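Here is the structure we will look at, set down as structure tokens.
The values are calculated or read from the model by the stated rules, or taken from the named source; none is laboratory data. Everything numeric here is computed off the predicted structure, so don't read it as measured data. Using ideal geometry, Cβ is built from the backbone for each residue, glycine included, and neighbour counts are taken over all protein chains shown. The accessibility values were calculated without ligands, DNA or RNA, using every heavy atom of the protein model including side chains. Shrake-Rupley method; radii C 1.70, N 1.55, O 1.52, S 1.80 Å.
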Amino acid sequence: MRVPVRASLQEIEEYKPGKLVKGAIKLSSNENPLGPSPEVIRELVKRLEAGELNLNVYPWEKDVEELRDEISRYVGARIEKDNVVLGAGVDGVLDTLARIFIANGDEALIPIPTFSLYESLVKIAGGMPRYVKRKSGENFDVPVKDLISACNEKTKLIFISSPNNPTGNCIPEDEIREIIESVDSRAMVVIDEAYAEFADSSLVNLVTEYENVAVMRTFSKAFGLAGLRVGYGIIPEWLASAYKKVAMPFSVNSIAIKAAIAALRDQAYLRKTVELVKHERAFLTENLRRVFKKVYPSEANFVLADVSPAKSREVYAALMKRGIIVRDCSSFRGAGDSFIRVTVGTREQNEKVVEALIGKYSHSKKY
Ligand SMILES: *Cc1c(COP(=O)(O)O)cnc(C)c1O
């Protein structure tokens, strides 16, 4: 006889990461096509070889403090070190927040389609996700009025990805303020800015104005360190003690801490990444528009395309045959079966995507 697992696990789906096939061009997980800064690699190799990383010892508080300090300076003048918390990726920070705020039967609001982890974390914590459909006719904007009216006394968290994965759009500041102010002290508004570096603006300073806002950032996307798992939250100071109670001790490892510090110190490399991505995002968007009926404007390092009348799984399979992996968005709740998401790659990679699609799908348009 097996020991029964929690009944509620039946409701939870495994997280399905973008596929990885050896030798293929992987444009399915929004990673940095340039990889991390060479300075980061040099720093790690140097310290490892010099025996300075002491991998037999738990991560040092002093190094954690240094990273939090560097992050606060990087994020903005109004953010203090005490506002910065770390986690094993944004995923780790989100998990801690869900366990801080969600008790059995509590609810969280999620505008969909969006990053699927939010709903899993809410369910795992014993809560109920409630979904509000983004406005598909208008670049998937957040339906502010619907969201506010869906908020009730059980609502503890509201997850807003901005830029949103997979749609690429940001929520305008006046709209997020309307949400924050109307839910007030009832619910925490979690703004996930995993793609902030590629966007024109950030909402991070709202943390200094409101007590019910937390902003998530990561080293996985623009900094090219997805494999090391390090992310952070900018949270109001009152929340820090609850965070320390609930977060796993030592959730960010010694190597990741050093790498993140080194990455922040190479701002030139970050600028190079962001410039490349913005330039190539324009190229990819423009060229995909020659193929598909709608390609959404993006403030992130990926582009969403509506491939109808084709189905996303057909386009996904056709590209896979040519050695290119994109994201079939049918796994995103509320996305339907005609969207693909393509990570912005190098010019060579982006050209290959366009070449593989043009001709094949540009002719299949039935209008
Ligand atoms: C990629 C992604 C994350 C995960 O970030 P990690 O720091 O690697 O855990 C979080 N949120 C969104 C919206 C993402 O797209």
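In segment 141-162 there is at least one residue matching the filter, namely being among the polar types (S, T, N, Q), assigned to a strand (DSSP E or B) and either within 14 Å of the ligand (Cβ to nearest atom) or on the phi > 0 side of the Ramachandran plot (or both). Every condition in (1) farther than 29 Å from Tyr15 by Cα; (2) basic (Lys, Arg); (3) in contact (Cβ under 8 Å) with a residue 24 or more places away in the chain is met by Lys46 except one, and the failing one is (3). None of Leu276, Leu284 is in a helix (DSSP H, G or I), away from the ligand (no atom under 16 Å from the Cβ) and buried (at least 19 other Cβ atoms within 10 Å of the Cβ) except Leu284. Checked against the criterion of being open to solvent by 40 Å² or more (accessible area, probe 1.4 Å), farther than 22 Å from Pro163 by Cα and at pLDDT 95 or above, the candidates Arg289, Arg347, Arg333 yield just one match: Arg347. Scanning segment 18-40 for residues that are open to solvent by 50 Å² or more (accessible area, probe 1.4 Å), farther than 20 Å from Arg313 by Cβ and part of a loop (DSSP other than H, G, I, E, B) turns up Lys22, Gly23, Glu31, Leu34. So if I check each of Ser298, Ser338, which one is more than 15 Å from the ligand (Cβ to nearest atom), buried (at least 16 other Cβ atoms within 10 Å of the Cβ) and modelled with pLDDT of 95 or more? Answer to the selection: Ser338.
Close Cβ contacts (under 8 Å, 6 or more residues apart or on different chains) running from residues in segment 1-20 that are without any contact (Cβ under 8 Å) to a residue 24 or more places away in the chain and at negative phi to residues that are among the polar types (S, T, N, Q) and open to solvent by less than 100 Å² (accessible area, probe 1.4 Å) comprise Pro17/Ser29. Can you confirm whether Ser362 is more than 20 Å from the chain's Cα centre (by Cα), over 13 Å from Ser28 (Cβ atoms) and at pLDDT below 95? In short, yes. Among the residues of segment 308-323, is there at least one that is within 30 Å of Ser201 (Cβ to Cβ), part of a helix (DSSP H, G or I) and open to solvent by 20 Å² or more (accessible area, probe 1.4 Å)? No, segment 308-323 contains no residue that is within 30 Å of Ser201 (Cβ to Cβ), part of a helix (DSSP H, G or I) and open to solvent by 20 Å² or more (accessible area, probe 1.4 Å). Hey, among the residues in segment 79-88 that are in a helix (DSSP H, G or I) and under 18 Å from Glu211 (Cβ atoms), which one's farthest from the ligand (Cβ to nearest atom)? If we take residues in segment 79-88 being in a helix (DSSP H, G or I) and under 18 Å from Glu211 (Cβ atoms), then Asp82 is farthest from the ligand (Cβ to nearest atom).
Residue by residue, here is whether (1) within 16 Å of the ligand (Cβ to nearest atom); (2) in a helix (DSSP H, G or I); (3) open to solvent by less than 40 Å² (accessible area, probe 1.4 Å) holds:
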residue	(1), (2), (3)
Tyr74	yes, yes, no
Ala77	no, no, no
Val90	yes, yes, yes
Leu94	yes, yes, yes
Asn104	no, no, no
Glu119	yes, yes, yes
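Looking only at segment 166-181, residues that are open to solvent by 10 Å² or more (accessible area, probe 1.4 Å) and either basic (Lys, Arg) or within 16 Å of the ligand (Cβ to nearest atom) (or both) come to 4 in all.
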